[in-house]
């Protein structure tokens, strides 16, 4: 038998590419169901207070309207009674807001009614006829005004070892007494995920106690759990289907009010109901990266050794949920500072809850830390890369453990060569190209190489093809493709013979797609399922041919139509015979991490180098070149992994230069309401992005050696650009985004 | 969509309401019981709705459609919700993202910004109509080869725009492609791969 070409690492085209380029890939609002009705949400026009009345008569009378549901007439949702009341618990069941359960308004555009009609146009028209009266209360939507009220998160109060608790090594705030010191305040405004697919759900009660959801979610099982609880149903009675997810970047890591609304509506009208949010509604009710204030102080010796860092942050949360993220994590472990203090606080505002947005808190924190590194290097008159090398640490200074692997120095070298770092001048404003000032900057990123338990199944079909299933989702990185490659190598068959199905809660369990953990977790499950399948086939074949019974499982070879042995190709059992006798050959396995996580500090690392051009007169910033290098362990697919890195870098350009969701605090309402007001990078904003991987396996994370890419692709990009802008102009911008008004 | 607290809706005396009321009034005046029954059964509603639909002939991906549509139905919603051609995506509904790009008589158009009734007698091509049977269009091939997407949601719009970009003669350089493709947002950030795909098709000289 011809040896199969190794697939892991190969730049294989996506297995679902054909479906995506022909329009055949089905997203959650694209399922044709008999009797489908359309739902449109009506939002509150005040920010805080109570509803005193809703006049739905005109809407109810409008043509085609099937129902107008408000808290006055909504059916009782059984899970609301049993939902926890502790605001520190992430998400009350089915979403933080118990939709249509009371008259309380907690944020502007909170859904107060859902209108259901037989067509979208009729539902949309009728929604405009719903009138509400309110008793208004004073609201708070500005974090800067509310900094004095900032509080320690409940999780930190309960557990002083929580990553959200205050952290101290060496002396507290020691930077203040340092001879060479810097101190600065940094602000990241609210940013919104804005995946291109609007948040959508199609809810279908197939029986009074059986619910099927076609939903945009990053976790089919998390969504199933939330809504099974909300409706008091056994989880087996709820099916969540998310075959294709049109991007998410974190905003489908939580169950939201519109999902509850669609399910309630489907119950009331007894028809399947589709609900797609508008782009405005994407700002208000499905999460965002929270506005975060940070202060960072650092001291160093004249020869460039950091002596102390204090990093404080206050992030925004809602009044009904405590959202926390790891804003200060990178500061604690990246540089070998003997004295280090971090303090994380929250301020609760009358705005919907935030949710992790790509790179989450680490990207926010890295903006402050990596900007400060550049500021200190400048003060010391040192090359910022050299300054980082002088503070490089070969063990984790936070947990005092060895790294599982760390190839960040290799990343520095790869990136510096590619950007042409030697062209950079220490003195800002030294390079000019006509009216453009040219500058170079760098920023480092890191994110935990997280791994959770996962299940996968593998089934051999009589035609020699293999069907694999897992409940994981693919929001864009190419999960199905990577898993197919892992399976192909493990089974020793061509990838075309493997079908990997995902995005269905009935499939074997796996965690939510988030925190760069999918390949780390699901990859080993796929690998082990394939090994288990081989062994099962060997056993089955052993009943027919004794050569198999005594063979090692590694020796089993899957041919086109026969099972054989690599060491003895004459030993053959046709699949048809094998499966006729056994009926089917399928296995489901679970792969779980061991205790390596307690012995080693496991992180992915990245470094981003930016070349920018700043127009001297207009202050326009163009990123002319970006180089992103990653130590992300084994790269499963060079093509999709590089694409993911490039995408993260584009997200970083948005963060650095344009993204800013702005609220008019007088009304507590977003004034950026669409993609014309809230700018995200377009083709013309994205330069060619060069990507390089160290591609060294980390076998402490899993047997494949992967560490994760999704977050480190973004973390560190924004400070690289901000630092390059400083190098070009001598202007230090500590409040993102770097818009022209801040430079002229 | 926000509920306006004290706004008297001007739509209350819309034509539809007028028709509805007048048919009921007529029914009351004449009092033949079948008509009253018709009103009770909301047949008046159906009559009113029928009045509001406009005949429309369209050719979509080579197939002729004779339809009756409400004037307020966008081309995008007609394609997705009535013709079940869901390859064309809704990303913003305001012509700001390009996910809904289709060709109308060969020109790229944001289908969300145009009412279906404006296209009587015109020829629409959507992503579903680009391939010839199983044979992908060269631009579709190039997107797969260069991995010009991640989640795939903006992809149909990017491809329809990319084909038009080449046909218009706006794919002369990388910079020109970036400029003329800037109406199509890819939040996953696969931009440089999309540009590479377009350049490949352009340089390949295949007929697009």
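The values are calculated or read from the model by the stated rules, or taken from the named source; none is laboratory data. The shown structure was predicted, so the numbers you read here are calculated from the model rather than taken from an experiment. Neighbour counts run over all protein chains shown; Cβ positions are idealised from the backbone, glycine included.
Brief remarks follow.
- Only residues that are touching a residue at least 12 places away in the same chain (Cβ under 8 Å), more than 8 Å from chain A (Cβ to nearest Cβ) and part of a loop (DSSP other than H, G, I, E, B) were counted across segment B:137-171, and they come to 5.
- Residue in segment A:289-299 that is outside any strand (DSSP E or B) and in contact (Cβ under 8 Å) with a residue 12 or more places away in the chain present: yes
- With respect to the conditions (1) in contact (Cβ under 8 Å) with a residue 24 or more places away in the chain; (2) surrounded by 17 or more Cβ atoms within 10 Å (Cβ to Cβ), residue A:9 falls short on a single one, namely (2).
Each row is one residue, and each column tells you yes or no for (1) modelled with pLDDT under 95; (2) within 14 Å of another protein chain (Cβ to nearest Cβ).
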{"residue": "A:585", "(1), (2)": "yes, no"}
{"residue": "A:596", "(1), (2)": "yes, no"}
{"residue": "A:600", "(1), (2)": "no, no"}
{"residue": "A:616", "(1), (2)": "no, no"}
{"residue": "A:633", "(1), (2)": "no, no"}
{"residue": "A:637", "(1), (2)": "no, yes"}
{"residue": "A:642", "(1), (2)": "no, yes"}
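- Taken together, A:713, A:649, A:724, A:676 contain a single residue that is modelled with pLDDT of 95 or more, under 29 Å from residue B:179 (Cβ atoms) and surrounded by fewer than 22 Cβ atoms within 10 Å (Cβ to Cβ), which is A:676.
- Counted as qualifying within segment A:7-70 are the strands (runs of 3 or more DSSP E) with 2 or more residues that are within 18 Å of residue A:111 (Cα to Cα), touching a strand residue (DSSP E or B) at 6+ places or on another chain (Cβ under 8 Å) and more than 9 Å from chain B (Cβ to nearest Cβ), namely A:49-55, A:65-70.
- Within segment A:689-713, the set of residues being in contact with a strand residue (DSSP E or B) (Cβ under 7 Å, 6 or more places away or on another chain) and either over 12 Å from residue A:632 (Cβ atoms) or assigned by TED's automatic domain parsing to the domain that holds residue A:522 (or both) comprises A:689, A:690.
- Boolean, residue A:701 is without any contact (Cβ under 8 Å) to a residue 60 or more places away in the chain, in a loop (DSSP other than H, G, I, E, B) and either within 20 Å of the chain's Cα centre (by Cα) or surrounded by 19 or more Cβ atoms within 10 Å (Cβ to Cβ) (or both): no
- Among the residues of segment A:559-582, those identified as out of contact with any strand residue (DSSP E or B) (no Cβ under 8 Å at 6 or more places or on another chain) and under 12 Å from residue A:462 (Cα atoms) are A:560, A:576, A:577, A:580, A:581, A:582.
- Of all the residues in segment A:77-96, those that are part of a loop (DSSP other than H, G, I, E, B), farther than 17 Å from residue A:203 by Cβ and either modelled with pLDDT of 65 or more or not assigned by TED's automatic domain parsing to the domain that holds residue A:221 (or both) number 1.
- Candidate set: segment B:172-182, residues that are surrounded by fewer than 20 Cβ atoms within 10 Å (Cβ to Cβ) and not in a helix (DSSP H, G or I); chosen: the one nearest to the chain's Cα centre (by Cα): B:182
- Residues in segment B:179-208 that are at the interface with another protein chain (Cβ under 8 Å from one of its Cβ atoms), under 30 Å from residue A:216 (Cα atoms) and free of Cβ contacts under 8 Å to residues at least 60 places away in the same chain: B:181, B:182, B:186, B:187, B:188, B:189, B:190, B:191, B:192, B:193, B:194, B:195.
- Meeting the requirement of 2 or more residues that are away from every other protein chain (no Cβ under 14 Å) and touching a helix residue (DSSP H, G or I) at 6+ places or on another chain (Cβ under 7 Å), the strands (runs of 3 or more DSSP E) wholly within segment A:113-209 are A:180-188, A:200-207.
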